[in-house]
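Below you'll find the structure, written out as structure tokens, and then a few comments.
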Amino acid sequence: MPERLKVVILGSTGSIGRQAVEVCARYQDRIEVVGLTAYAETVLLAKQAEALGVTHTVLSSVEGPAAVAALAKHPRADLVLNALVGAAGLESSYAALKAGKVLALANKESLVVGGELLMPLVEPGRLLPVDSEHSALFQCLRGEEAREVANLWITASGGPFRGRTRAELAAVTPAEALAHPNWKMGPKISIDSATLMNKGLEVIEAHHLFAQPYRRIQVVQHPQSRVHSLVEYVDGSFKAHLGVTDMRIPIQYALSYPERWPAIFDAAVTLDLREMGSLDFSAPDTETFGCLRLALEAGKAGGTMPCVLNAANEVAVAAFLDRRMGFLDIERVVGECLEQHECEKVQSLEQLQALDTETRARAQELV
Ligand code: MG
């Protein structure tokens with residue numbers, strides 16, 4: 001039997017984590033899970049550890065983020081799948097890359113906040129995207145030259161409120177915002193999808209991952225979510241990635257790369273092109289969905305601006321979910337935090353962590 005890939009899954013009880021465990025359980029002949037972490041779901045964590053024969057587990061609500069980061073550099077691990085939520089994932093991404101691990105990244109905030117810090121640590125083929133759009137771009141870019149790329153086209157479903165006016169958005173509830181039409185996801189990313197902040201974070205993520213300037217990254221609205229993203233080349237050719245909206249596909253690709261393994265469900269039957277009907281594409285509405293515009297501005301400004309954008313957004317999303325403020329207040333809080341911030345060069349993990357804490361306090365005051 002060939003040597004199995006040794007994997008650590010950070011955030012194994014979340015939406016991505018649970019699906020990653022499912023893929024690893026199906027492919028136990030090729031993958032050995034050596035570590036799991038969860039925030040507070042002890043029962044599920046214990047179940048997962050038992051099913052996969054995992055001896056190292058961390059409960060971060062008790063043991064703290066340093067214990068998670070320590071597991072991310074476990075000497076036996078080849079690959080770390082970071083499925084943590086929010087800027088809390090940055091420390092572990094940093095630890096994994098520093099320790100020479102392959103990093104399969106579902107935690108986009110790591111790159112949004114610390115892209116300028118992380119990317120110099122990455123060797124070719126050792127940072128694998130799990131975000132569906134970035135997995136699509138990564139696959140479209142395989143075998144191609146970065147200098148021959150004309151544009152990366154990131155698709156956006158438009159979320160549950162596509163086509164609404166700002167007056168309508170002012171009154172939407174957390175329950176409505178959580179009901180994404182195409183993807184089943186955790187609460188934080190569901191709200192980010194409703195505000196289109198998620199798409200802005202994904203543009204910043206793509207800028208770092210694929211070393212492309214912002215002028216070559218475009219967002220296109222595509223409500224059916226069948227095309228997961230596209231790459232346009234200088235000769236006018238486009239390569240697109242299509243598939244069902246099932247996160248197990250990009251999760252598995254990050255684990256099987258550079259190979260492809262059979263899907264653990266019948267993907268071919270669920271996407272029958274003859275039944276698919278029409279696919280629509282249009283420009284996103286950045287006037288109504290101001291979070292997308294704020295994210296693009298913060299990304300282009302670079303330095304510490306995306307760190308502030310992200311920290312303010314995390315606080316604002318939590319406040320909206322707790323019904324402490326309205327949907328449009330998310331954009332207000334993020335916008336005000338960005339306006340008050342004096343942009344600096346990114347220098348260290350500690351600098352970003354301090355700024356994250358400081359911004360959260362400022363955002364809380366604005367809620
Ligand atoms: Mg995505």
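The numbers here are math on the coordinates, done by the rules we state, and not lab data. Here the structure is a predicted model, which is why all the values come from computation and not from measurement. Cβ sites come from the backbone with ideal geometry, for glycine too, and all protein chains shown count toward neighbours.
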Would you please put 46-57, 237-248 in order of how densely packed they are, using the mean number of other Cβ atoms within 10 angstrom per residue and starting with the highest? 237-248, 46-57
Is it possible to state the helix-based mean residue ellipticity at 222 nm for the chain, with each DSSP H run of 4+ residues giving -39500 (n - 2.57), the sum divided by total residues, to the nearest 500 deg cm²/dmol? What is it? -13500 deg cm²/dmol
Using a Förster distance of 51 angstrom, determine the FRET efficiency expected from the C-beta separation of Glu342 and Glu3, and round it to 0.05. 0.50
Where a ≥ b ≥ c are root eigenvalues of the Cα gyration tensor, a/c under 1.5 meaning rounded, otherwise prolate if a/b exceeds b/c and oblate otherwise, the stretch 1-54 counts as prolate
I need the trypsin sites (Lys or Arg not before Pro) found in the stretch 293-367, filtered to DSSP loop residues with at most 12 other beta carbons within 10 Å of theirs. Arg323, Arg324, Lys345
The lysines whose Cα lies under 21 Å from the Cα of Lys300, excluding any fewer than 8 residues away in the same chain, are Lys108, Lys199, Lys345
Any idea how far the Cα center of the stretch 122-147 sits from the one of the stretch 80-105, in Å? 17
At 7 Å along Cα-to-Cβ for each site, give me the label-to-label distance between Met119 and Gln28 in nm. 4.1
Around Asn182 (Cβ within 14 Å, Cβ-to-Cβ, excluding Asn182; K/R +1, D/E -1) the net charge comes to +1
Of Lys101/Lys184; Lys6/Lys47; Lys101/Lys239, which sit over 26 Å apart, Cα to Cα? Lys101/Lys184; Lys101/Lys239
Could you list Thr288, Thr359 in order of exposure, starting from the residue whose Cβ has the fewest other Cβ atoms within 10 Å? Thr288, Thr359
Classified through the alpha carbon gyration tensor (a ≥ b ≥ c as square roots of its eigenvalues; rounded if a/c is under 1.5, else prolate when a/b is larger than b/c, else oblate), the chain comes out rounded
For Glu168, what is the net charge nearby, where nearby means another residue's Cβ is under 13 Å from its Cβ and Lys, Arg count +1, Asp, Glu -1? +1
